[in-house]
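Right, one structure below, let's go through it.
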Amino acid sequence: MSFRDKLLALAIVIVWGVNFVVIKVGLQGMPPLLLAGLRFAFVVFPAIFFVKRPHLPFKWLLLYGLTISFGQFAFLFWALKLGMAAGLASLILQVQAFITVFLGALLLKEKIKVHNLISIAIAALGIYLLATTQAQSAASLSWFTLVLIIGAASSWAFGNITNKVIMAKHTVPTMSLVVWSALVPTCAFAITSLVFEGSDVIVQSLVQIKWHNVLALAYLSYLATIVGYGGWSYLLSRYETSLVAPLSLLVPVFGLLSAMLLLNEHLTLQQVCGVVVVAIGLIFNVFGSRWFAARASVNTAAPTGK
């Protein structure tokens, strides 16, 4: 990966890390499906009048929009609205890296290496520690919110694979894909918000919207979505999913730090252990191949005795 692309990846993970705190702030006084729908509506308008439609079948726009946008954020916003801590959400969501690797092997015939399997086992242990904590604190985690976050991670992973297929078969500008695919979650969230949250709640939320809601929507729409996913799509188009997806391990670092500083979220001892174990799994997923390669080279270079 070039130095420029590494800087782009770093900027994206910083924006996405703080993103979880911003969502928490935006959800104050606004239902989750409505907030998510407005997020993507601002991505679409007015950009859609200035960005050309991507030349690819509608089914790919639909699949991309339903997975990486609608599915991921419907689950994520719901979990955060139910009280899940922003810092923990930023960490657990990164299991998308492992799910993406599995889906890449299953659907794209990419190879799963030994270090991928080891890192998945390590991260699974960390998630178990997080899920079984008994403390009812600001950073508490229930089995239901855990399932929601895993659902969000799975949707993100399917979106990664969809993006990889799109970029392999079609020449699509990343901004065009991000803007036009946002029509799908905009419509999907409008319908689900009307059905599940109700017209009265929608009208009341819009009439009584506060400045913190507006600023949160601006951040979520333009920085986290247009800049973040535009750059992420660009990286996936240039590099293998097994290299790009694990870069998101830095997201929970900034997510946990920003949640601690801005939301005063604190972890219990068991949760700290779980965070460390998951982080070790994520790090090993990125650097494990180098470790195995170094060991193999040492063994090959070692003289054999007679």
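Values in this text are rule-based calculations from the coordinates and carry no lab data. These numbers come from a predicted model, not from an experiment. Ideal geometry is used to build each Cβ from the backbone, glycine not excepted, and the neighbour counts take in all protein chains shown.
Summary of values
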| read-out | value |
| --- | --- |
| Cα coordinate range in the stretch 124-225, projected on the principal axes (Å, largest first) | 49, 42, 26 |
| Principal-axis tilt of helix 96-108 within the chain, Cα atoms, nearest 10 degrees | 80 |
| Cβ-Cβ FRET estimate between LEU106 and PHE50, R0 fixed at 35 Å, reported to 0.05 | 0.40 |
| The stretch 3-299, relative contact order in percent, only Cα pairs under 8 angstrom and at least six apart counted | 41 |
| Under 11 Å, Cβ to Cβ, from GLU110 - net charge with Lys/Arg +1 and Asp/Glu -1 | +3 |
| Relative packing of peptides 276-282, 105-111 - highest average C-beta neighbours within 10 Å first | 276-282, 105-111 |
| At R0 = 25 Å, FRET efficiency that the Cβ-Cβ distance of HIS212 and LEU257 yields, to 0.05 | 0.75 |
| Prolate/oblate/rounded label for the stretch 1-136 (Cα gyration tensor, a/c 1.5) | oblate |
| Set of aspartates and glutamates near LYS24 by C-alpha distance (under 16 Å), chain-local residues within fewer than 8 positions excluded | GLU265 |
| Whole-Å distance, taken between Cα centres, linking the stretch 177-252 and the stretch 96-123 | 26 |
| Crossing angle, helix 72-81 versus the chain [Cα axis fit, 0-90 degrees, rounded to tens] | 70 |
| Pairwise label distance in nanometres, LEU7 with ARG290, each label 7 Å out on the Cα-Cβ vector | 2.1 |
| Rounded to 10°, Cα long-axis angle of helix 3-26 versus longest principal axis of the chain | 40 |
